[in-house]
Protein chains: 2
Amino acid sequence: MKQTYSILLTLSFALGFSTTVFSQVKDPLPSWNKGKVKQSIIHFVEEVTKKGGANYVPPSERIATFDNDGTLWVEYPMYTQALFAFDRVKKLAPQHPEWKTEQPFKALLEGDMKTVGASGMEGIMKIVLATHSGMTDTEFAEEAGRWLQTTKQSRFKRPYIELIYQPQLELLEYLRANEFKTFIVSGGGIAFMRPMTEKAYGIPPEQVIGSSVVSEFKMKDGKLELVRMPKINFIDDKAGKPVGIYQHIGRRPILAFGNSDSDTQMIQYTMAGKGLRLGLFVHHTDAKREYAYDRKSHVGTLNTVLDTADKNNWIIVDMKNDWNVIFPFEMK
Amino acid sequence: MKQTYSILLTLSFALGFSTTVFSQVKDPLPSWNKGKVKQSIIHFVEEVTKKGGANYVPPSERIATFDNDGTLWVEYPMYTQALFAFDRVKKLAPQHPEWKTEQPFKALLEGDMKTVGASGMEGIMKIVLATHSGMTDTEFAEEAGRWLQTTKQSRFKRPYIELIYQPQLELLEYLRANEFKTFIVSGGGIAFMRPMTEKAYGIPPEQVIGSSVVSEFKMKDGKLELVRMPKINFIDDKAGKPVGIYQHIGRRPILAFGNSDSDTQMIQYTMAGKGLRLGLFVHHTDAKREYAYDRKSHVGTLNTVLDTADKNNWIIVDMKNDWNVIFPFEMK
């Protein structure tokens, strides 16, 4: 296969073909409005791919990392994985009679979301661990995959897997066409995201980094299986993001894209490398087409970043002004 | 780029080219002797790549995992990383006067390897943690990379990076030419291996899985850095191997290759998936060209596997009989 490629590539160059032919013909980012932001992205990609240029980066080092919730898909009014966990509690309730009296399960089953919220991080962790463990790797992937493709979001009445941002799909594709390797680096569960990332974003499971529970390889129902345990293994958020990148990729990204203060450390780690770097944040400013939230939001808080972006050369992407399409289904 | 590829590929098929043309012309595994083992490998690859065949596996699921020590490179008479750690103790000794009296550092500095060995797992861990932490990600990668390329192995008088197995290089290349993604899954340190895997095996750092220390993103010498801490994060050995594969790749391999009882669980996890699978072990039987060791060896113990391979359909690769070349430098 490789031989076929290289023979044909040699042939193509001999015939005068070149990739620039294609990029000049067609706008690689049609859903991005003309302006400073779009220009910065294209300039960056052109610079790092310019052979012999001062900012050239070899393909193997073209690592781009993207947060997921609020950066690649909708996270408002509640993180998708939390909604999945809530649905799982309802589904598993018949097997857990103790939940009728135990908080925060009791409140959740009674629809008392105020009490669930008041149970804080500790309560949410209880729910996540109870609903994300006890099954094998395969069982969990099937469960999450089915839920993501069939459960509809409250406002848009579409399955969650369709609530992904068209401009970001174009950016991912543009980067890959320029020999970048694209990764997700999310606070969300690695095993929750993997059943949808290849279909939704063209990102294979091995390029997804996220939070995880402990897994053990042991006998279950008479078979050796990978079993998910009710114990946190790793939280891939805030300062955990550079750590997750180091453990998983082993290279520093040259481009990173987030949307909240929790992505700050990933962007800092990226920008602190030598040579040209690009750090970006989505700012949710479009209540009409998606949602508008930032400094005081209970999800995806974007506060300190807004105050410090300029002096750090971080780029703020204004959803309302920079994106002319939000979702792929708008284009049909 | 992608567009160029697909246009040219379409063209190539129209012209009657095909990848089989190449594979029929040339033996993809010239350093493997003819016989049952080689035949099993080629049969397996042909089956899983045969479109429309009963055993066809789509390219995205063609995951192959390889142990490192004793499977891809020499591990005898001592794991390379242990030798690196010993060298680091000697180098760092002037900054650690306490090592003059503290075991097992004292014994190591005095060349008393018997006492070092007698300190057991606990002693070795002390040495590894003391020599693999305290520096940034970048500093450690530079240190390990330099050592691997310059330190010579005792018997072969060659840098460790050259003591890799030619037949395995051919197998890795053959698999990748058939659209497999090749990974290393080793009990060795992930950060120790990464500086050499791309150069030695064509395996990029993001496809290396191994043991790790805890890392923290924090201020060091006035800069935000990823700092390696003196604490174990994960041991990627025995039952840890399927766990490492799950966390890192998120897909079950269809081919796995090891050389010791510690690789058993990786092979079991691989073979337990649906469809055609291949599980292999290198058996070090060649004292003349490399080393001969198995059941009672202090490194790379291969014992239970030898007794249970047949009934599990695991393939034992006999180094002496199955490989006609051991190292790349023999071919020059």
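The values are calculated or read from the model by the stated rules, or taken from the named source; none is laboratory data. Keep in mind that this is a model prediction, so the values were computed, not measured. Here Cβ is always computed from backbone atoms with ideal geometry, including for glycine, and neighbour counts include all displayed protein chains. In case anyone asks, the SASA skips ligands and DNA or RNA and just uses the protein heavy atoms, side chains included. Shrake-Rupley method; radii C 1.70, N 1.55, O 1.52, S 1.80 Å.
Please verify whether B:GLU143 is surrounded by 13 or more Cβ atoms within 10 Å (Cβ to Cβ) and charged (D, E, K, R), treating the condition exactly as stated.
For B:GLU143, the condition - surrounded by 13 or more Cβ atoms within 10 Å (Cβ to Cβ) and charged (D, E, K, R) - is met.
Counting only residues that are within 19 Å of the chain's Cα centre (by Cα) and more than 14 Å from chain B (Cβ to nearest Cβ), give me the helices (runs of 4 or more DSSP H) lying completely in segment A:114-190 with at least 2 of them.
A:137-150, A:166-177
Does B:ILE42 fit the bill of being among the hydrophobic types (A, V, I, L, M, F, W, C), under 28 Å from B:MET271 (Cβ atoms) and out of contact with any strand residue (DSSP E or B) (no Cβ under 8 Å at 6 or more places or on another chain)?
In short, yes.
For segment A:191-225, how many residues are without any contact (Cβ under 8 Å) to a residue 40 or more places away in the chain and either farther than 30 Å from A:PRO30 by Cβ or over 17 Å from the mean Cα position of the chain (by Cα) (or both)?
Qualifying residue count, segment A:191-225: 11.
Suppose we filter B:GLU206, B:GLU170, B:GLU216 for residues that are acidic (Asp, Glu) and under 21 Å from B:HIS283 (Cβ atoms); which single one remains?
Just a single option satisfies the conditions, and that option is B:GLU170.
Can you name the number of the only condition in (1) touching a residue at least 40 places away in the same chain (Cβ under 8 Å); (2) closer than 29 Å to B:GLU61 by Cβ; (3) surrounded by 16 or more Cβ atoms within 10 Å (Cβ to Cβ) that B:ALA309 fails?
Every condition holds for B:ALA309 apart from (1).
Can you tell me which residue within segment A:193-202, out of those that are open to solvent by less than 10 Å² (accessible area, probe 1.4 Å) and within 11 Å of another protein chain (Cβ to nearest Cβ), is nearest to A:MET135 (Cα to Cα)?
A:MET193
For B:LEU280, state whether it is of a type in the set (A, V, I, L, M, F, W, C) and more than 14 Å from chain A (Cβ to nearest Cβ).
Yes; evaluated as a whole, the condition is true for this residue.
Does any residue of segment A:11-27 turn out to be out of contact with any Asp or Glu (no Cβ under 8 Å at 6 or more places or on another chain), crowded, with 19+ Cβ neighbours inside 10 Å and modelled with pLDDT of 95 or more?
There is no residue in segment A:11-27 that is out of contact with any Asp or Glu (no Cβ under 8 Å at 6 or more places or on another chain), crowded, with 19+ Cβ neighbours inside 10 Å and modelled with pLDDT of 95 or more.
If I filter segment A:203-220 down to residues being at the interface with chain B (Cβ under 7 Å from one of its Cβ atoms) and among the small types (Gly, Ala, Ser), which single residue comes out as surrounded by the most Cβ atoms within 10 Å (Cβ to Cβ)?
Step by step, filter segment A:203-220, then rank; the result is A:SER215.
Looking only at segment A:59-91, which residues are open to solvent by 30 Å² or more (accessible area, probe 1.4 Å) and part of a helix (DSSP H, G or I)?
Answer for segment A:59-91, where residues must be open to solvent by 30 Å² or more (accessible area, probe 1.4 Å) and part of a helix (DSSP H, G or I): A:PRO59, A:SER60, A:GLU61, A:GLN81, A:LEU83, A:ASP87, A:LYS90, A:LYS91.
Across segment B:233-248, which residue is surrounded by the most Cβ atoms within 10 Å (Cβ to Cβ) among those that are of a type in the set (A, V, I, L, M, F, W, C) and facing chain A (nearest Cβ under 7 Å)?
Looking at residues that are of a type in the set (A, V, I, L, M, F, W, C) and facing chain A (nearest Cβ under 7 Å), I get B:VAL243.
Return only the number of the condition from (1) modelled with pLDDT under 95; (2) in a helix (DSSP H, G or I); (3) open to solvent by 30 Å² or more (accessible area, probe 1.4 Å); (4) within 25 Å of A:TRP147 (Cα to Cα) that A:PRO94 does not satisfy.
(1)
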